[in-house]
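Notes to accompany the following structure.
None of the figures in this text is laboratory data; all of them are computed from the coordinates on show. Here the structure is a predicted model, which means the values were calculated and not measured. Here the Cβ positions follow ideal geometry from the backbone for every residue, glycine too, while neighbour counts run over all protein chains shown.
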Amino acid sequence: MAKKTPKSSRFTMLRMGSMEFTVRGPHHCGIAEEGEVQKARYAVTLCCEAILDGRGFLVEQRTIDAHMQKVKKVTMSCESLVFTLAHELVEVILKENPAIVIRWLSVRLLAAPYAASMEYKFRLI
């Protein structure tokens, strides 16, 4: 059963990690050559109403990392990738905690050599 905290309360969660994926196609994320492995770092920020699941969590943060680790092959730009990941992560989080009220979620990706980043902020409320 979901636990509610005071009405005006919000949580902001930050999950960071690293990932590797093989790049394909002419317009892929990162500077790796076709067929090579691109290393990247990510940061996922979740802002939501303070509604906890029965365990007292918003969401298990390892679930977010597990989803990011599923990215094995990338054929799209970093812009398209962060957009897609943000929308997928909202679905993943809602599946784990259907009572959660997400205000916004952002995904930031820094492809090696980490000189630039791309961030997409998905506003739900």
Amide H proximity to VAL74 below 5 Å, modelled H, separation 5+ or other chain, gives THR22, VAL23, ARG24
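For the stretch 3-123, what is Rg from Cα atoms divided by 2.2 N^0.38 Å, rounded to two decimals? Don't jump to the answer; show the numbers that get you there.
On the way: Rg = 15.5 Å, N = 121, 2.2 N^0.38 = 13.6 Å.
Ratio of Cα Rg to 2.2 N^0.38 Å: 1.14.
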For VAL23, the net charge from surrounding residues (Cβ-Cβ under 12 Å; K, R +1; D, E -1) works out to 0
In degrees, nearest 10, the alpha-carbon axis of helix 78-96 is tilted away from the dominant principal axis of the alpha carbons of the chain by 30
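Remind me, relative contact order of the stretch 42-125 in percent, using alpha carbon pairs under 8 angstrom and six or more residues apart?
41
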Proximal lysine pairs in the stretch 3-123, meaning Cα under 30 Å and 8 or more positions apart or interchain, come to 18
